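The values are calculated or read from the model by the stated rules, or taken from the named source; none is laboratory data. Everything quoted here is computed from the prediction, not taken from an experiment. Here the Cβ positions follow ideal geometry from the backbone for every residue, glycine too, while neighbour counts run over all protein chains shown. What goes into the accessible areas is simple: the full protein's heavy atoms, side chains included, and nothing from ligands, DNA or RNA. Shrake-Rupley method; radii C 1.70, N 1.55, O 1.52, S 1.80 Å.
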Amino acid sequence: MEETKHLSNKKQRPTEEQIQMFIGKLALQQLEQFEDALQKRYDLQRELRFPFGKQEGWGYRYAHKKSLLCYLFFEEGGIACTLSINDKGASKVEAILAQLQPQMQRLWKERYPCGEQGGWLHPKIRTEQDLTDILSLIAIKVSPKKS
């Protein structure tokens with residue numbers, strides 16, 4: 001399997017233009033859709049960060065007030081999300097698991113452990129359904145604001 005390329009030079013903070021060129025048009029549209037959906041649900045704060053090292057590289061950290069929602073990482077020709085669900089949220093994920101697409105169900109079952117039942121997921125965002133599933137998981141992590 002070919003390794004995914006990331007913006008992995010910590011010393012070179014990418015510009016918006018470099019990010020857009022790297023991820024491509026389709027991923028840029030998905031990024032905009034993702035951010036629009038988050039802005040409707042949360043008091044969104046976005047920050048460009050290099051949080052985990054070269055493997056993920058540069059990405060956006062999204063938060064609602066002081067609560068981390070997720071990270072979104074830039075891949076060559078795409079984007080990927082990293083989010084954690086704590087033990088309290090794990091049972092809520094289990095309750096909606098059948099509503100998620102098979103790929104997301106697999107990611108949940110194979111999650112990197114966090115606590116007794118929670119875990120980290122690293123889904124790629126390639127389709128509208130990916131966005132819907134990720135937004136559902138984020139809503140379990142942090143309740144959306146009341147409309």
Quiz item: Dividing the Cα convex hull volume of the stretch 27-109 by residue count, how many Å³ per residue is that?
Solution: 128
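Starting from the stretch 76-129, pick out the GluC sites (Glu not before Pro) whose DSSP state is loop and whose Cβ has at most 16 other Cβ atoms within 10 Å.
Passing both the DSSP loop test and the Cβ count: Glu76, Glu110, Glu116.
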Quiz item: Kirkwood Rh over Cα pairs of the stretch 1-73 into Stokes-Einstein at 10 °C, 1.306 mPa s: D in µm²/s?
Solution: 121
Quiz item: When the helices in the chain are scored as -39500 (n - 2.57) per DSSP H run of 4 or longer and the sum is shared across all residues, what 222 nm value do you end up with, to the nearest 500 deg cm²/dmol?
Solution: -12000 deg cm²/dmol
Exercise. With the full set of protein chains in place, find how many percent of the accessible area of the chain is carbon and sulfur; take the probe as 1.4 Å.
Key: 48
Practice problem: Could you name the lysines whose alpha carbon sits less than 19 Å from that of Lys124, not counting residues in the same chain fewer than 8 places away? | Solution: Lys5, Lys25, Lys54, Lys109, Lys141
Exercise. Could you provide, to the nearest whole Å², the per residue accessible area of the chain with probe 1.4 Å?
Key: 60
Quiz item: So what's the angle, to the nearest 10 degrees on a 0 to 90 scale, between helix 87-96 and the longest Cα principal axis of the chain?
Solution: 80
